[in-house]
Amino acid sequence: MDDIVLEMKHISKQFVGVKALDDVSLSVRRGEVHAICGENGAGKSTLMKILNGIYRADSGEIWLNGKLRNIQSPEEAHKAGLSIIFQEFNLVDTLSVAENIYLGRLREKGVKLNWRAIERRAEEQLKNIGAEIDPRIAVSRLSVSQKQMVEIAKALSYDANVIVMDEPSATLTDKEAQKLFSVISDLKKKQITVIYISHKMDEVFALSDRITVLRDGVAVSTAATKDTTRREVIASMVGRAMENEYPVRQGRRTDETVMRVTHIRRKPVLHDVSFEVKKGEILGIAGLVGAGRTELVRAVFGADPVSEGQIEIKGVQKKIKSPMDAIKNGVALVNEDRKELGLVLKFPIAENISICKIGSIVRKGFIQRKQENRIAEEYTGKLAIKSTSCRQKCVFLSGGNQQKVVLAKWLYADADILLLDEPTRGIDVGSKYEIYKWINRLADAGKAVVMISSELPEILGLSDRILVLHRGKVAGEFENEDKTATAEEIMSCAIG
Amino acid sequence: MKICKSVLNFFIREKILLALLVMFAVVSAAADSFFTVGNLSNLLIQVGLYGVVALGMTFAIIGGDFDLGAGPMVSFSSMAVALLLGRVGVVPAILITLFIAFCLGLCNGLLVAKAKINSFIVTFGSMVILQGMALTLGDGSPAATNHPAFNQIGALQIGRISFIFIIFMVLLLACHWILRYTQFGRNIYAIGGNYEVARSSGIHVDFYKASLFVLSAVFAAVGGILMAARVNTGHPTIGDDMTMTVIAGVVIGGTSLSGGKGNVWRTLLGIFVMMFLSNAFDALVIQPYIQRVIKGLIIISVVAIDSYSKTKIDVGDAGVLSKISKKL
């Protein structure tokens, strides 16, 4: 049993002034699923990037498949038998599945490529993991889950016996995640080792054999999954005991309707959706991926054109044709993809916060940078955004802190209606709790909150009312002011 | 020691400036004709002429686009102003030329922002059109600017510094101010940094996108007018080679082609490097044909060193200079 396939010994890594990893040791057994947990910024990605040769460790050794390795690039990692599947897939959308799997290795002999052989081999790889995907179609036509299968097939095609998965289920629906889990247990049967990085405790406990927790660049604990508890793991991740996963709200919703959306249509994703949200209410929107949740809030925000439908804000009919109109009417959208859609990463924190309401800090044509900094400092303080200064560029912040900057931006814009699309995706447990508290606080302050989430517990734990979408239509509505709705009824409604 | 360290750190960050200073010193020592008042004031004129065009291009590049028509706009406006001078007088001629440039830039801008046509195609198309228009104006031949007051703009010197360079510096300060301290400037960085975020933050993205091309066209026209005043002629192809030099200058200075980053001081540095190279080769009496080869090689290597050291810093590896700086 103690057949160690990968051993990292005393790994340390320092970035300009910051210790990212401090004497981390990790040993992984052959054929086990080894979970690595830790908050964002705990050093998980740095550790994996060192394994993959993207970063070089300042000190320490890596033993892989019985040999001391000096991995300097992902290619060398592949040769040593290790493959990493990152959260952002490394696939070329315009190329076919087969081309992607054998990218860089298409040529066997001669000048002419043997497409038939490449496609046959790709098909075999996919069949091996039980994925029914035509290797000839372009990757852009695949779903997120299928892309992931392609990534796994690609990893296996390198004859890797250690596969690292970074947050693999973050963008999957429950059903797709189940599929992934069965692939992982198949891999395990084939004596392939999986290192599984995830924030989701349910998965970690269902899948893994052992769990290592990283905190602030230090490996704080490694334990067999059956000998530890969820609470223990969370406690060692955040360095303190967590009382509840969801904070309890102080105030209650009012009866005053702030926004009423009627008969909104946008073919082919939205078919006649109507809903309203009240002052001080948290409306949760549940549904499977592809049910039209994101499309709905984008349509309400004016980011996508709609073919039909009315939006009434505080009893007055409004024409919202662009985000500019929406913001003027006090509507804000926190996107699910904060890197692409939420923040200008090249901008410092302060400039991201003031972006929507920059007019308010202009005096006689000048942007008052001092005032801008003061505002930024106020919000970084309020939201406990960890940064070196408010002029630090957002690209250097962790996911949780980036999300807090997005929140700060909309708080400063002083919107009355907040549309939150997956506000805690990819965020660590500690920051999640803080974001939950803020969502409650905003509702208490009289804002109307519409929150989309793929994590049902989050919807159940926070919302006053739950709207379930199915194939672009409202499939059901559940009262949840006293947190009485159950996951089963929501799920069965969402499946349709 | 502390000053030493901060000076060294400054040069670690600003490698291009360091490279320029080194090359400047070497050429000054090697060629007697280089470090003379006459030659240096000539260099400043070149910097001024190209620099003005580069200012407009800087806006376009920070906003995430570029304008291939800038060079031909210089040719066109030099012709336009030369032909208008005799008919309407100096000030109206300049204003009309600028107004035409404004309108043409607005056409480009609307095609890109509203009709969503790729800016490469739009500005390439207008580049060809402008070349044609410049040639048509004078039927292919240059037009003399027979107007003493106008020619005075190009000849005037304050001390030994050309009026052209002074105009450039004034415009540069204005652009610096706009980019750093105004809402207009900030929003240009925002659309270049992330267009979708800018849009969903309520910024009127179409307006800003269109303004990029208006600014580029108007600054190029200013360049064309100054060019005409300098050589006392409107010439239908005089600016055609400028586009690439100007884009290269902006990028060498360190303004990112992917948008959202950079400033006009970097443009000044980049244009200075480009103009210095041409001038230095002449001073060193290097054969003009081989000049181009060497110039190209120097440009690529300077930028290569800069971006190589930047990736090193990102990965956490220190370069030689930063190692020295750590020891201080």
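The values are calculated or read from the model by the stated rules, or taken from the named source; none is laboratory data. All values derive from a computational prediction rather than experimental measurement. Heads up, the Cβs are rebuilt from the backbone with ideal geometry, glycines too, and the neighbour counts pull from every protein chain shown. Ligands, DNA and RNA are excluded from the accessible area calculation, which covers all protein heavy atoms including side chains. Shrake-Rupley method; radii C 1.70, N 1.55, O 1.52, S 1.80 Å.
Scan segment B:197-208 for residues that are more than 7 Å from chain A (Cβ to nearest Cβ) and open to solvent by 30 Å² or more (accessible area, probe 1.4 Å) and jot them down.
B:Asp206, B:Phe207
Just need a number here: residues in segment A:467-496 that are closer than 21 Å to A:Ala177 by Cβ and among the β-branched types (Val, Ile, Thr).
Total satisfying the criteria: 4.
Which condition from (1) open to solvent by 50 Å² or more (accessible area, probe 1.4 Å); (2) closer than 26 Å to B:Met127 by Cα; (3) within 12 Å of chain A (Cβ to nearest Cβ) is the one that B:Arg180 breaks?
(2)
If I filter segment A:314-345 down to residues being hydrophobic (A, V, I, L, M, F, W, C) and open to solvent by less than 10 Å² (accessible area, probe 1.4 Å), which single residue comes out as nearest to the other protein chains (Cβ to nearest Cβ)?
Within segment A:314-345, the match that is nearest to the other protein chains (Cβ to nearest Cβ) is A:Val344.
For segment B:1-26, how many residues meet the condition of being within 22 Å of B:Arg266 (Cα to Cα) and at pLDDT 85 or above?
9
Among the residues that make up segment B:36-44, is at least one of them touching a helix residue (DSSP H, G or I) at 6+ places or on another chain (Cβ under 6 Å), in contact (Cβ under 8 Å) with a residue 24 or more places away in the chain and part of a helix (DSSP H, G or I)? Walk me through how you get there before you give the answer.
Our first condition is that a residue be touching a helix residue (DSSP H, G or I) at 6+ places or on another chain (Cβ under 6 Å); within segment B:36-44, this holds for B:43-44.
Now restrict to residues that are in contact (Cβ under 8 Å) with a residue 24 or more places away in the chain: B:43-44.
If we keep only those that are part of a helix (DSSP H, G or I) too, we end up with B:43-44.
Yes.
For segment B:243-277, enumerate the residues that are open to solvent by 40 Å² or more (accessible area, probe 1.4 Å) and among the small types (Gly, Ala, Ser).
At the first step, the residues of segment B:243-277 found to be open to solvent by 40 Å² or more (accessible area, probe 1.4 Å) are B:244, B:251, B:257-258, B:261, B:263, B:265-266, B:272.
If the condition is that a residue be open to solvent by 40 Å² or more (accessible area, probe 1.4 Å) and among the small types (Gly, Ala, Ser), then B:Ser258 is the only one that fits.
Which condition does B:Ile167 not pass, out of (1) more than 10 Å from chain A (Cβ to nearest Cβ); (2) free of Cβ contacts under 8 Å to residues at least 24 places away in the same chain, if it passes all the others?
Status for B:Ile167: all satisfied but (2).
Out of everything in segment B:278-287 that is closer than 17 Å to B:Ala25 by Cα and free of Cβ contacts under 8 Å to residues at least 40 places away in the same chain, what residue ends up being surrounded by the fewest Cβ atoms within 10 Å (Cβ to Cβ)?
This residue is B:Asp282.
How many residues does segment A:462-475 hold that are modelled with pLDDT under 90 and either under 30 Å from A:Ile36 (Cβ atoms) or buried (at least 19 other Cβ atoms within 10 Å of the Cβ) (or both)?
1
Working only within segment B:224-242, note down all residues that are open to solvent by less than 50 Å² (accessible area, probe 1.4 Å), modelled with pLDDT under 95 and within 13 Å of the chain's Cα centre (by Cα).
B:Gly239, B:Met242
Of A:Asp482, A:Asp444, which residue is more than 30 Å from A:Ile349 (Cα to Cα) and modelled with pLDDT of 85 or more?
Numbers: A:Asp444 fails: more than 30 Å from A:Ile349 (Cα to Cα).
Unique residue meeting the criteria: A:Asp482.
Results for (1) within 20 Å of A:Val316 (Cβ to Cβ); (2) open to solvent by 50 Å² or more (accessible area, probe 1.4 Å); (3) touching an Asp or Glu at 6+ places or on another chain (Cβ under 6 Å), shown as yes or no for each residue.
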{"position": "A:Arg215", "(1), (2), (3)": "no, yes, no"}
{"position": "A:Ala223", "(1), (2), (3)": "no, no, no"}
{"position": "A:Arg231", "(1), (2), (3)": "no, yes, no"}
{"position": "A:Ser236", "(1), (2), (3)": "no, no, no"}
{"position": "A:Val248", "(1), (2), (3)": "no, yes, no"}
{"position": "A:Asp255", "(1), (2), (3)": "yes, yes, no"}
{"position": "A:Val277", "(1), (2), (3)": "yes, no, no"}
{"position": "A:Glu281", "(1), (2), (3)": "yes, no, yes"}
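When you go through B:Leu83, B:Leu17, B:Leu98 one by one, which is the residue that is under 13 Å from B:Ala220 (Cβ atoms) and in contact (Cβ under 8 Å) with a residue 24 or more places away in the chain?
B:Leu98
Considering only segment A:121-168, state which residues are more than 23 Å from A:Ser208 (Cβ to Cβ), open to solvent by less than 20 Å² (accessible area, probe 1.4 Å) and of a type in the set (Ser, Thr, Tyr).
A:Ser157, the sole residue that qualifies.
Could you identify the single residue in A:Asp304, A:Asp272 that is open to solvent by 50 Å² or more (accessible area, probe 1.4 Å) and either more than 14 Å from chain B (Cβ to nearest Cβ) or of a type outside the set (A, V, I, L, M) (or both)?
A:Asp272
If a residue has to be open to solvent by 70 Å² or more (accessible area, probe 1.4 Å) and over 30 Å from B:His204 (Cβ atoms) to count, how many in segment B:102-141 make the cut?
Residues meeting the conditions: 5.
Within segment A:346-377, count every residue that is assigned to a loop (DSSP other than H, G, I, E, B) and within 7 Å of chain B (Cβ to nearest Cβ).
Number of matching residues: 3.
Is there any pair with a first residue in segment A:293-320 that is free of Cβ contacts under 8 Å to residues at least 24 places away in the same chain and a second that is of a type in the set (D, E, K, R) whose Cβ atoms are under 8 Å apart and which are 6 or more apart or on different chains, and what are they?
Close Cβ pairs satisfying both conditions: A:Lys318/A:Glu312; A:Lys318/A:Asp325; A:Lys319/A:Asp325.
If the requirement is being open to solvent by less than 60 Å² (accessible area, probe 1.4 Å) and under 16 Å from the mean Cα position of the chain (by Cα), which of these qualifies: B:Ser41, B:Ser75?
B:Ser75
Pick from B:Ala54, B:Ala60, B:Ala70: which is more than 14 Å from B:Thr245 (Cβ to Cβ) and among the small types (Gly, Ala, Ser)?
The match here is B:Ala60.
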